[in-house]
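Structure first, commentary second.
The values are calculated or read from the model by the stated rules, or taken from the named source; none is laboratory data. The structure presented is a predicted model; accordingly, all values stated were derived computationally and were not measured. Cβ placement follows ideal geometry from the backbone for every residue including glycine, while neighbour counts extend to all protein chains displayed.
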Amino acid sequence: MTRWFRSEEMEYVSLIVNEDAAHQCLSDLGKLGVIQFTDLNPDLTPFQRRYVSYVKRCDELERKLRFFANECDRFDLTIDNAGTVDAFLNAPPVISSPTNNGESGAQLLESLEVELEQYESQLKDLNSFSEKLTNEYNEKVELQEVLEKAQKFFLSDAPRLAVSELTTQTTAAARQDREINLLNDPESDESLVRDMDMRFSSITGVVASEEKARFERMIFRATRGNCYIRFASIDEPITDPETGELMEKHVFIVFYKSASIETKIKKICDAFSAHRYSLPDMDDAPAVDRMLTENAQELADSRIVLHKNQDTRFRLCQKLAAHTERWTWIVLREKAIYHNLNMFKADVSGMLRGEGWILSQQRDEARMTVTKAHANMDLSMASLLEVMPLPWPTPPTHFTTNKFTYAYQEFVNTYGIPRYREANPALFTAATFPFLFGVMYGDIGHGLFLFVVGLLLIFNEEKNDNARLGEMMGGLHAARYMLAMMGFFAVYAGFLYNDCFSLGLDIFGRTWKWENEDTDDGPDDGSEAYQLSDYGSDDSVYPFGLDPTWHVAENELLFFNSFKMKLSVILGIFQMFLGTCLKGLNAIYFDQKLDFYYEFLPMVAFAGSLFVYMVVLIFMKWCINWNSRMLDATCLDPDGEGWGSSDYEENGGVWVVCNNQYGEGCTPWGYTCTGDDDTVAKCSLDFGGDGDGCQPPNLITTLINIALDPTTVEEPMYDNQVTYQNILLLVAVFSVPILLLAKPYFLKKQMEEAEVRRSQEVQVHGDEEEVAHATGDHHGDEEHGAGEIIIHQAIETIEFVLGMVSNTASYLRLWALSLAHSELATVFWEKAMVETLNMNFFMAFFGYGIFAGVTFGVLLMMDVLECFLHALRLHWVEFQNKFFKADGVRFTPFSFRDVLNEAASGSS
Amino acid sequence: WNLYPPFLDFITYEYMIENVMLLLKGTISGRDINELMAQCHPLGMFRESTMRAIPTFESSPKGYQDLYQTVLVDTPVGPYFSLFLQDSADKAADGHIRNVLEEVEVEIIKSTLIKYWLEDFYQFCESIGGDTFTMMAEILRVRADTNAINITLNSFGTPLNEPSMRVADRKRLYPCIGYLYPAGTQMLIDVADEEGLGRALEFFPQYSGIWNVHSFGGAGDKSIDDAFYERDVQMLELAFEGQMHFGVFYAYVKLKEQEIRNLVWISECILQQQKDEINKFVPVFSQHAPWRLKKR
């Protein structure tokens, strides 16, 4: 409990170790993870440090490992899990062949380097070989395709086209004819064709499909249309040797006439990195066939080689994937060790000195670890771990958390790290946060969903702990206990409100009945409900939460609002008062008398006299039997109905015999009514004001009038309420100037006393000049200091006094959000479900879909987030500003576990 | 909403022009295309095939014609190139003979393209109107003037400064926007040496100050480029801090460019062991910028 309330005690230690044993010591300390080293060489750049070469080697190894990971990724191999971090840390450091522990540090790194180097060069060789093979293979494939397509083209399309092409070589005017010929009658003029045996040159090749259109356009432009181009797609995508991605490609063939066009086309082919393949004479069919079969043979061969290469690479990567993570962890660990060793300073011969913060409780353990490391290496020089005086005033803050408190501690840390050993809000947040969330979210049905989600997460705890979770899932996993608690309290508050998907549950049997409920028509608009048992009797109280009848009553909102508003104010004031008390506890703990007497006590007085009093009034109003009191001031006919009711007797009233002299009736205590009696006359309590005690007060007016109209209380609840309230008002009013002025005054006085003492001391030593110098200097400081103190205190005062008012109002969000939740649920239920249920089966089916979807999206997702945020705000602002300083420094120990976990979460 | 993508595109056109010119210039000096492509500004990248095709054309009027018709017509900077071709065709029709060196030729093409781009950009900003125009008009005008002055200054000692070329070629390079246009540019046409340029700029107070930095060179250890850069940075900082206009994007790109220039300067200084010179960069958004120190 104290460990959660105040942060762990810290000590600043200096550690002197033998240089030879330093690595072993640090690797053991890193396993322990209780010490945070300070940089003793802040003036050195990273490159000037002692162990920089080791760090560089680690970086190089990391690069290699990343390369392996990428290669494995290309084969869609997932890196094997190397087990849990803890298991890894406890196992002795082995790579693949066991090494002795003699000089494990440098040796480990070296053997790892050799091994990884070997694998890397292997992999690189294979990769470059694979690229070469792929290139060759691609060329063969493309050639094959080009040959096949060209053959087909020359056999089927070419003769037909040749006819039309050849008719047109003379004039530009003939172009038109060609077009017509091409379209209409390719067979015509055959004789003409035979005569003019004229050959076109052609270029064939392969171009990427996505570039096809642009390629065609550019060739057309460059040749000004004086060429003929044909494309045919290659069915099978071709692997890009560099990236390994599949690409669609097209075979093209271009016919042209002149040499200048040829150079242009060749240039364009180069620009589009389109491979050109020269074709044999297409008229020589046997040559073409020969070439085709030859190429097919070569293709088959190179395919086999390529597959073999791929197979080898795959197997190597498989092997690497199995080890990569463990290697990465080893490298990370070594790197962390050398990073920390870089913070050490060289001491006397062969010794290294480091300094840092250590958890007091673990100091002995750390010392033992260091000694043991030295003893194992048979080093005569003793190691040293000794406590040093604090070098700077604030040690880092560290809290021991468990899996339950972890989430809440992170919550508080997000706002600010607690100051060293100040009261930790997380301890209280762990209880109040889910509770306030529940107050806002309050609904049995929705809360149950949340609760089940939380329980599921807890149920899968172990599995999730070891699994790599995404960011979203990881967050949910970390907050699993919080979610379950939130769900639980939402259900609890739901029972209090008796609210399940906006409907009241009649679990214990309701205590109200509608007037004509039992008739066939049932209750209609305007029917009144009456209580089944006597007012105030045990049976008239619904055992837990609110009576479900309220959910169908016309004044449902009036009733719920009044209840929830009061509830939120009560909860808010309790929480803020707790915060204020924590301030007092802090003042006591840090022995700050001024803070306690002149800050904490006035604050308590102020908050108590106005705000706690408000809570008292609320409870008082709830507890008083107003039926009885109002009966007290009611004129009744002694013979009529209601005379002698048990209500009055219950509150200690005695029925007095009364003769009904004037025919107006009389009050139960015997006052004889005349026509125009006011409440004061009719009430027997005599508390003053208009109500005189027999009238339920309007609490808001009462509270406002404490300050605005202190002389009277319109509707008092107890005797002498005016006097008590005036006393409380005076207390509140006087606590403000004390809060504002007392602390600066005493601080100033303390400073003056210190000043006097100092100047006396100096005078005793008697150096005039020094005195003048010293006083002059300090005078300036002090003026500055006093002004600052007053301003600071003024801010503090204003913030507290105004804050109490505005923060109390701020807690009304508890009511507002709860109202919003229940109203939204009502709307969804009535509009989506009830309406469609009344139509027909089919519509109800749809209606349910809408209802479920909207309930999930709005209430189970958005409203959870909203209530979460508002609860968070209530804690960060309204609760924590009462006491929380939040200017601590986080303790970041040198711990392998942290390093590796961070790496694991970063990589996933 | 529909306006800002073209605005961003306009910013990249400048770099596209620069890349085209880099590729053309590179091939004249016979450098490897892969090496050149690595040097291209990433904001002005074309498709790889386009970039590879550009250097295949020879650098002659005929070659440029082909270059435009086959390659550049597809790119956003094509229109500027076609304007340039039109321009030179007109000139050829006028019967002027051009015997400019190839290297200078490329510079002329570049200046012409940039001029068309500036005018086009200016018109585009005008069509957007509002704060964007207010901000960008100022920036682009100053940019145009800077170009005009630099063109004149760099032409001294080149064929471009010959009296016949001045009117025929140099005049065409001056943008038709800016504070110098038209009266100033008219004067710049006749300028033959630095002295004349100084005289012409005396009528424009905003530039005479900058010119003085140049002519009394050595006094403030500042070159005219630095003086222009300083002015630009002040303007761009204003534009960047302004709201409700697209000029921020332009300012952002240009300020980043200045930062890169600064880094290059610093690393150059380190490389050449000139640590005293290291502070002579133009700081961006710095409290220690010379113009801020002066004010205090």
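A few points about this structure:
- The residues in the stretch B:52-67 that are assigned to a helix (DSSP H, G or I), surrounded by fewer than 20 Cβ atoms within 10 Å (Cβ to Cβ) and within 14 Å of chain A (Cβ to nearest Cβ) can be counted, and the count is 4.
- A:Tyr662 being at pLDDT below 85, of a type outside the set (Lys, Arg), in a loop (DSSP other than H, G, I, E, B) and in contact with a Ser or Thr (Cβ under 7 Å, 6 or more places away or on another chain): yes
- Any chance A:Met440 is more than 30 Å from A:Ala22 (Cα to Cα) and free of Cβ contacts under 8 Å to residues at least 12 places away in the same chain: no
- Against the conditions (1) touching a residue at least 12 places away in the same chain (Cβ under 8 Å); (2) in contact with an Asp or Glu (Cβ under 9 Å, 6 or more places away or on another chain), A:Asn516 satisfies every one except (1).
- Residues located in the stretch A:533-556, provided they are more than 22 Å from A:Trp622 (Cβ to Cβ) and without any contact (Cβ under 8 Å) to a residue 40 or more places away in the chain: A:Glu554
- Some residue of the stretch A:569-590 being part of a loop (DSSP other than H, G, I, E, B) and surrounded by fewer than 19 Cβ atoms within 10 Å (Cβ to Cβ): yes
- The one condition in (1) hydrophobic (A, V, I, L, M, F, W, C); (2) within 14 Å of chain B (Cβ to nearest Cβ); (3) crowded, with 17+ Cβ neighbours inside 10 Å that A:Leu316 fails to fulfil: (2)
- Annotation: A:Asp676 fulfils all but one of (1) loosely packed, with under 14 Cβ neighbours inside 10 Å; (2) within 24 Å of A:Met565 (Cα to Cα); the unmet one is (2).
Residue by residue, here is whether (1) among the acidic types (Asp, Glu); (2) more than 26 Å from A:Glu11 (Cα to Cα); (3) in a helix (DSSP H, G or I); (4) modelled with pLDDT under 90 holds:
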residue: A:Asp289; (1), (2), (3), (4): yes, yes, yes, yes
residue: A:Leu306; (1), (2), (3), (4): no, yes, yes, yes
residue: A:Leu320; (1), (2), (3), (4): no, yes, yes, yes
residue: A:Thr324; (1), (2), (3), (4): no, yes, yes, yes
residue: A:Thr328; (1), (2), (3), (4): no, yes, yes, yes
residue: A:Ile337; (1), (2), (3), (4): no, no, yes, no
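- Unique match (being assigned to a loop (DSSP other than H, G, I, E, B), closer than 26 Å to A:Gly445 by Cβ and at pLDDT below 85) among A:Pro543, A:Pro523: A:Pro523
- Residue in the stretch A:489-512 that is surrounded by 13 or more Cβ atoms within 10 Å (Cβ to Cβ), in contact with a Phe, Trp or Tyr (Cβ under 8 Å, 6 or more places away or on another chain), polar (S, T, N, Q) and assigned to a strand (DSSP E or B) present: no
- Flag if B:Leu43 is over 18 Å from A:Val207 (Cβ atoms), assigned to a helix (DSSP H, G or I) and more than 14 Å from every other protein chain (Cβ to nearest Cβ): yes
- Of the residues examined, A:Thr263 is not one that is assigned to a loop (DSSP other than H, G, I, E, B), within 14 Å of another protein chain (Cβ to nearest Cβ), out of contact with any helix residue (DSSP H, G or I) (no Cβ under 6 Å at 6 or more places or on another chain) and at negative phi.
- Condition met for A:Met343 (surrounded by 15 or more Cβ atoms within 10 Å (Cβ to Cβ) and at pLDDT 85 or above): yes
- The sole residue among A:Ala213, A:Ala232, A:Ala222 that is in a helix (DSSP H, G or I), surrounded by 14 or more Cβ atoms within 10 Å (Cβ to Cβ) and not basic (Lys, Arg) is A:Ala222.
- The lone exception for A:Ile238 - which of (1) closer than 22 Å to A:Ser278 by Cα; (2) more than 14 Å from chain B (Cβ to nearest Cβ); (3) modelled with pLDDT under 85; (4) surrounded by fewer than 17 Cβ atoms within 10 Å (Cβ to Cβ) it fails: (4)
- Considering A:Phe88, A:Phe37, A:Phe47, the condition of being assigned to a helix (DSSP H, G or I), farther than 13 Å from A:Trp329 by Cβ and either modelled with pLDDT of 85 or more or not small (Gly, Ala, Ser) (or both) is satisfied by A:Phe47 alone.
- Matching residues in the stretch B:42-51 - criterion: being surrounded by 15 or more Cβ atoms within 10 Å (Cβ to Cβ) and farther than 18 Å from A:Ile268 by Cα: B:Leu43, B:Gly44, B:Met45
- The stretch A:91-120, subset modelled with pLDDT of 85 or more and of a type in the set (Ser, Thr, Tyr), residue farthest from A:Leu65 (Cα to Cα): A:Ser111
- Taken together, the residues in the stretch A:513-543 that are in contact with a helix residue (DSSP H, G or I) (Cβ under 6 Å, 6 or more places away or on another chain) and surrounded by fewer than 13 Cβ atoms within 10 Å (Cβ to Cβ) amount to 1.
- Residue ID - farthest from the chain's Cα centre (by Cα), chosen from residues in the stretch A:701-739 that are exposed (fewer than 14 other Cβ atoms within 10 Å of the Cβ) and of a type in the set (D, E, K, R): A:Asp719
- Cross-chain or 6+ apart pairs with Cβ under 7 Å, the stretch A:122-147 first and touching a residue at least 40 places away in the same chain (Cβ under 8 Å), then among the aromatic types (Phe, Trp, Tyr): A:Glu142/A:Tyr277; A:Leu143/A:Tyr277; A:Val146/A:Tyr277
- Residue tally, condition within 30 Å of A:Tyr406 (Cα to Cα) and either touching a helix residue (DSSP H, G or I) at 6+ places or on another chain (Cβ under 8 Å) or outside any strand (DSSP E or B) (or both), over the stretch A:1-34: 22
- When residues of the stretch B:68-94 are limited to those that are assigned to a loop (DSSP other than H, G, I, E, B) and within 14 Å of another protein chain (Cβ to nearest Cβ), the one surrounded by the most Cβ atoms within 10 Å (Cβ to Cβ): B:Val71
- Residue match in the stretch A:171-186 (condition: on the phi > 0 side of the Ramachandran plot, surrounded by 15 or more Cβ atoms within 10 Å (Cβ to Cβ), away from chain B (no Cβ under 14 Å) and at pLDDT below 50): no
- B:Arg143 modelled with pLDDT under 85, among the basic types (Lys, Arg) and buried (at least 18 other Cβ atoms within 10 Å of the Cβ): no
- In summary, B:Arg31 fulfils each of the numbered conditions (1) in contact with a helix residue (DSSP H, G or I) (Cβ under 7 Å, 6 or more places away or on another chain); (2) of a type outside the set (Ser, Thr, Tyr); (3) surrounded by 14 or more Cβ atoms within 10 Å (Cβ to Cβ); (4) away from chain A (no Cβ under 14 Å) with the single exception of condition (1).
- Test result for A:Tyr718, more than 30 Å from A:His792 (Cα to Cα) and either hydroxyl-bearing (Ser, Thr, Tyr) or part of a helix (DSSP H, G or I) (or both): yes
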